[in-house]
Amino acid sequence: MIPIVYTIVFSFNDARRTNIVWRGFTLDNWLKICDDARVCESFGNSIIVGVVATVVATILGTMIAIAIVRYTFRFTTLITILLFLPMATPEVVLGSGLGSQFVNMGVERGLWTIIVAHIMFCISFVVVTVRARVASLDPALEEAGRDLYASPAQVFWRVTLPLLMPGILAAALLCFALSFDDFIITNFVSGNAETFPKFVYVAASRGIPPQSNVIASAVFVLAIVIVVAAQLSAGVRRRKLAKTG
């Protein structure tokens, strides 16, 4: 926890060229967070990449997970192995391979190549997470929907998807966290585009601006708030169910 405490404390540091030595307390870093335009620009790029990669990878990964569990087709085992390969392959290998591929294809590296790369490695995590949820579904629930004369589409949207939603949301959150935090693969495929982790890495050589600490602290606090809110909401639902029971 020491690095996290250090990050939060030094987000209030009255820093000058570097943010290593404590010089005094100030709120200017929080009030003037975009004084260094690169901080907000790189953070915005990370949000764009994370959101787009999460949405696309979650949709594709969910469809693949349902197909693998529910249907029998040729090369199922091979496809499963291929899906696990990005998780087992070192990021340096993935990043250098993707970077070389983009160069050989003549594709200009930038924000869209980062998004493509992040979708590629996020799909595997989505498939693994959602696949476990699909395998645990009780087929009798969907059969009950069909017995009530629901069409296949109605069964999916009103029965299957709501039951899969906890796994899908967990996969989406994991996907966004992996995308937002990634540096190694991004560094190979980004070209001149800059995400927040890449900005922090480059800035570390000359002293990370305190605004970086501000954004890191805000993201950490936001994550804690979301977790606490989710736990409180789950507790309220459990108490309501207990009273109903």
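If I compute solvent accessible area with a 1.4 Å probe over the protein chains, what percent of it on region 146-193 is carbon and sulfur?
68 percent
What's the angle, to the nearest 10 degrees (0 to 90), between helix 91-105's Cα axis and the longest principal axis of the chain?
Helix 91-105 sits at roughly 90 degrees to that axis.
What aspartates and glutamates sit close enough to Lys198 to cross-link, taking a C-alpha to C-alpha distance under 14 Å and skipping anything fewer than 8 places away on the same chain?
List returned: Glu41, Asp181, Asp182.
Which residue fluctuates the most in the chain, going by a Gaussian network model with Cα springs under 10 Å, if the choices are Cys34, Cys175, Cys122?
Ranking Cys34, Cys175, Cys122 by mean-square fluctuation puts Cys34 first.
Estimate the FRET efficiency between Leu78 and Ala234 by the formula 1/(1 + (r/R0)^6), using the beta-carbon distance for r and 41 Å for R0, to the nearest 0.05.
For R0 = 41 Å, the calculated efficiency reads 0.55.
Per residue, how large is the accessible surface of region 53-183? Use a 1.4 angstrom probe and give square angstrom. Let's see the in-between values first.
Working: 7680 Å² over 131 residues.
I get 59 Å² per residue for region 53-183.
In a Gaussian network model over the chain where Cα atoms closer than 10 Å are linked, find which of Gly61, Gly110, Gly145 has the largest mean-square fluctuation.
Fluctuation is largest for Gly145.
Among the aspartates and glutamates, select those whose C-alpha is under 18 Å from the C-alpha of Lys243, and discard any that sit fewer than 8 residues away in the same chain.
Result set, ordered by chain and number: empty.
Which of Ile66, Ile79, Ile224 ends up with the largest GNM mean-square fluctuation for the chain, with Cα atoms connected below 10 Å?
Checking each option, the largest mean-square fluctuation is seen for Ile224.
Once the Cα atoms of helix 161-181 and of the chain are each reduced to a long axis, what angle between those two axes, in degrees from 0 to 90 to the nearest 10, is obtained?
Helix 161-181 and the main axis of the chain meet at about 20 degrees.
Write down the Kirkwood hydrodynamic radius of the chain, to one decimal in angstroms, obtained as one divided by the mean of 1/r over all alpha carbon pairs.
With all distinct Cα pairs of the chain included, I get 20.9 Å.
Expressed as a rounded percentage, what relative contact order does the chain have, with Cα pairs under 8 Å and six or more residues apart?
Relative contact order of the chain: 35 percent.
Can you tell me the 0 to 90 degree angle between the C-alpha axis of helix 37-70 and the longest principal axis of the chain, rounded to 10?
20 degrees
The values are calculated or read from the model by the stated rules, or taken from the named source; none is laboratory data. Since this is a predicted model, take the numbers as computed values, not measurements. Positions of Cβ are generated from backbone atoms using ideal geometry, with glycine treated the same way; all protein chains shown enter the neighbour counts. Note: areas computed on protein heavy atoms with side chains; ligands, DNA, RNA excluded. Shrake-Rupley method; radii C 1.70, N 1.55, O 1.52, S 1.80 Å.
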